[in-house]
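What follows draws every value from the coordinates through simple rules; no lab data is involved. What you see is a predicted model, and the numbers here were worked out from it, not measured in a lab. Reconstructed Cβ throughout: ideal geometry from the backbone, glycine too, with neighbour counts over all protein chains shown.
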Amino acid sequence: MMEPKAGIDPKVIEEIIRFGRHVSDAPKLAAAPDEIKLDTTAYDVAYEEDRMRLLHYRPRSEARHRTPLVITYALINRFHILDIHPDKSWVRNLLEQGFDVYMIDWGSPTDMDRYLDFDDYVNGYMDNCVEFVKRESRSPDVSLQGYCTGGTLAVTYAALHPGSVRNLVATAPVVDGWKDTTVVSNIARHVDIDKMVDTVGNMPPEFMYYCFSVLKPFEQGLEKYANFFNNIENEAFVDNFMRVEKWLADTPPIPGELFRQWIRDIYQENLLARDMMFVGGRRVSLKEIRMPVFTQVAVGDHLVSPECSMPLHYAVGSGDKTMRIYPTGHVGMIASSSSQKRILPELGGWLAERS
Amino acid sequence: MQDSGAEGGGAGGKAEQGGQSGGAAFGGLGADPAYFKHLSVFWTDLLHLMSSKPQALTSVGPMRNFAENAKAITTEILAANEDLVEFNKALATYYKQLSDTWVEAQKKVNAKVPKIPNDLERFEAYKRVWVDMFDNDFTELFDSKEFGNNYGKLVSRELDLTKHWNNVTAVMLRSANLPSKKDMLSVYKEMHALRRRIAKLEVENRGLKAGAAGQEPEPEAREAGQEPEPEAREAGQEPEPEAREAGQEPEPEAREAGQEPEPEAGQEPEPEAGQEPEPEAGQEPEPEAREAGAAGQERRDAGGWKAPNASEENRE
């Protein structure tokens, strides 16, 4: 053993050497993001329209609840996070609980889609998907779940098409933009949205990615990658890390008009929470949501703060409503071992009683 | 060419205003950016007027177009320079905010841990303190109104620069007889309007068909007491409901050997292929059989929804 010079602990030197070795070994031990396939549960593409696809997951349980569940994924990133890993898959868990699960994948809009707006998404694509599922499953209605911005779309749909929704599940929905305390809302409130959409058209994915990257700049920008190299020999850790990284980096553009309405109506003018938002010429009133509602909120959510989601619970006209607040984060709520152990069983039990 | 003329007129107007209000500026000190703009536009216009007539007879090609549009480009570049100054101000403020926050955060870390520890355990603790302090301070900055205001300005000025660049590109495209972004957007807008119009016509058409066949309206409309909502909006996207309406389950096709996608490494095995029993004609298959069938059978191809085959499944 070398004598320590200048009082440096030899373990520190060893640690630095070990870290360097891990960095150089990383390409041998980890797949490149492009080589990773994110889907883990088998599905069929049941319906397609423009870029949007309705995925129908194959059943994994003999027990079946009568009412199918349609999941509306968010506008940011792709749906894969709900099925990111077999052990942490939201979809797989619900299938195993006997639900018939469909998922709306919004796809990647191109410049041609820049004029798509809330009306097209809610009264067009979503309604077509729900009608399709109703016909295919011969069910008069569906359970509708929305995650993050998908939660806002689901809430809007439920308010405008209450007859088609038996149960509404809102997971970290963006509802009250003025109460949102996150960095995202601060940026959204100060952006000249008209100039942005008129100039660049669709919301560029890079902008979204950079907005999220400043949320916890040092934990997410430095420490996370240091942990990755420190754990490079842990196969399960590396697999999970690369899957999530690939998911994070894969965020499609958002159609310009939809983004304009999103920022203006939700974050800047807070029209949804004030029952003053119009979609397709119809006013969206949260009081029209009278079906059973389950609101899921994460205390540590730094993308959609709890104060932004919770007003939904108090604003809906439903007499059968439940809100659960979980000690986790935005992604942890849907793709973690705690979501498998606690959040999904609670959701499944609630849905099963009403399906 | 008309657009170019309009832009030129606008620029000329600005210069004229400057001339009226700022004779002293044009009088020659030259520090005023408006003077340089005026100077440039003045000579561009004058040279254009002096030179264009005889030469115009000799050419009608793209270079002629480009010469005509050169003034628009000059004007855009001059205006872009003004916006660039504002952009740089906001950018400097942005980096100052980052820098100040860094210094403050480092001061806090130093106050808490005055000396960088040299043993592993305490170094890990130091690292934790450093990351937490910096994350907190930077999150506080990004949440602040001051940051939001300046960031809004920064983005706005950047968008102004983008606009100028788009305008310059549009002039060059026009010179090459190619459609500009603006032209393409008008096409996209028209397509979007057509899509909606077709969807509306389809709904009306379905309503007429349903009325002729004496069918009941959609369940949702029935429940809500409303007119049926628009359904599939694109041509051919209405699913054919005959089989379902007649109470028949479509016959699941026997899955051919080799059509089942192989489960990938790390995936749980899927239900085995070819095990689903064939439902009897006119009967509802048992739930189990239907579940198994759903995994491999082709969906109805008619009416616009996609009939996936084994090769399409999970092939994103």
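Could you tell me whether region A:39-60 includes any residue that is part of a helix (DSSP H, G or I) and either crowded, with 16+ Cβ neighbours inside 10 Å or not small (G, A, S) (or both)?
The answer is no; no qualifying residue exists.
Restricting to region A:211-260, count the residues that are under 17 Å from B:F134 (Cα atoms) and either free of Cβ contacts under 8 Å to residues at least 40 places away in the same chain or within 11 Å of chain B (Cβ to nearest Cβ) (or both).
Residues in region A:211-260 being under 17 Å from B:F134 (Cα atoms) and either free of Cβ contacts under 8 Å to residues at least 40 places away in the same chain or within 11 Å of chain B (Cβ to nearest Cβ) (or both): 14 in total.
Could you check region A:94-117 and list, in sequence order, the residues that are within 20 Å of the chain's Cα centre (by Cα) and buried (at least 24 other Cβ atoms within 10 Å of the Cβ)?
If the condition is that a residue be within 20 Å of the chain's Cα centre (by Cα) and buried (at least 24 other Cβ atoms within 10 Å of the Cβ), then A:L94, A:F99, A:D100, A:V101, A:Y102, A:M103, A:I104, A:W106 are the ones that fit.
Looking at region B:119-158, which of its residues are aromatic (F, W, Y) and within 9 Å of another protein chain (Cβ to nearest Cβ)?
Selection gives B:F123, B:W130, B:F134, B:F138, B:F142, B:F147, B:Y151.
Out of region A:157-195, which residues are away from chain B (no Cβ under 14 Å) and under 23 Å from A:T67 (Cα atoms)?
Listed by number, the residues that qualify are A:N167, A:L168, A:V169, A:A170, A:T171, A:A172, A:P173.
Kindly evaluate A:V91 against the criterion of being within 13 Å of chain B (Cβ to nearest Cβ), part of a helix (DSSP H, G or I) and within 20 Å of the chain's Cα centre (by Cα).
Here the answer is yes, as A:V91 does meet what is asked.
Looking only at region B:95-123, how many residues end up being surrounded by 15 or more Cβ atoms within 10 Å (Cβ to Cβ), within 46 Å of the chain's Cα centre (by Cα) and more than 16 Å from A:F218 (Cα to Cα)?
Residues in region B:95-123 being surrounded by 15 or more Cβ atoms within 10 Å (Cβ to Cβ), within 46 Å of the chain's Cα centre (by Cα) and more than 16 Å from A:F218 (Cα to Cα): 2 in total.
A:W262 - would you say it is closer than 27 Å to A:R51 by Cβ and touching a His at 6+ places or on another chain (Cβ under 7 Å)?
So A:W262 does not fit the description; no.
Of the residues A:I76, A:I17, A:I8, which is assigned to a loop (DSSP other than H, G, I, E, B) and loosely packed, with under 14 Cβ neighbours inside 10 Å?
A:I8
Inspect all residues belonging to region A:123-138 and state whether any of them is more than 18 Å from A:L160 (Cα to Cα), within 12 Å of chain B (Cβ to nearest Cβ), out of contact with any strand residue (DSSP E or B) (no Cβ under 6 Å at 6 or more places or on another chain) and outside any helix (DSSP H, G or I).
Taking every residue of region A:123-138 in turn, at least one turns out to be more than 18 Å from A:L160 (Cα to Cα), within 12 Å of chain B (Cβ to nearest Cβ), out of contact with any strand residue (DSSP E or B) (no Cβ under 6 Å at 6 or more places or on another chain) and outside any helix (DSSP H, G or I).
Here are the criteria: (1) over 16 Å from the mean Cα position of the chain (by Cα); (2) more than 13 Å from chain B (Cβ to nearest Cβ). Tell me which single one A:V70 does not satisfy.
(1) is the only condition that A:V70 fails.
Inspect region A:16-37 for any residue being within 13 Å of chain B (Cβ to nearest Cβ), in contact with a helix residue (DSSP H, G or I) (Cβ under 9 Å, 6 or more places away or on another chain), within 30 Å of A:L95 (Cα to Cα) and not charged (D, E, K, R) and give the result as yes or no.
Yes, the conditions are met somewhere in region A:16-37.
Taking the stated definitions as given, is A:M208 touching a helix residue (DSSP H, G or I) at 6+ places or on another chain (Cβ under 8 Å) and either buried (at least 18 other Cβ atoms within 10 Å of the Cβ) or more than 9 Å from every other protein chain (Cβ to nearest Cβ) (or both)?
Considered against the rule, which asks whether it is touching a helix residue (DSSP H, G or I) at 6+ places or on another chain (Cβ under 8 Å) and either buried (at least 18 other Cβ atoms within 10 Å of the Cβ) or more than 9 Å from every other protein chain (Cβ to nearest Cβ) (or both), A:M208 comes out as no.
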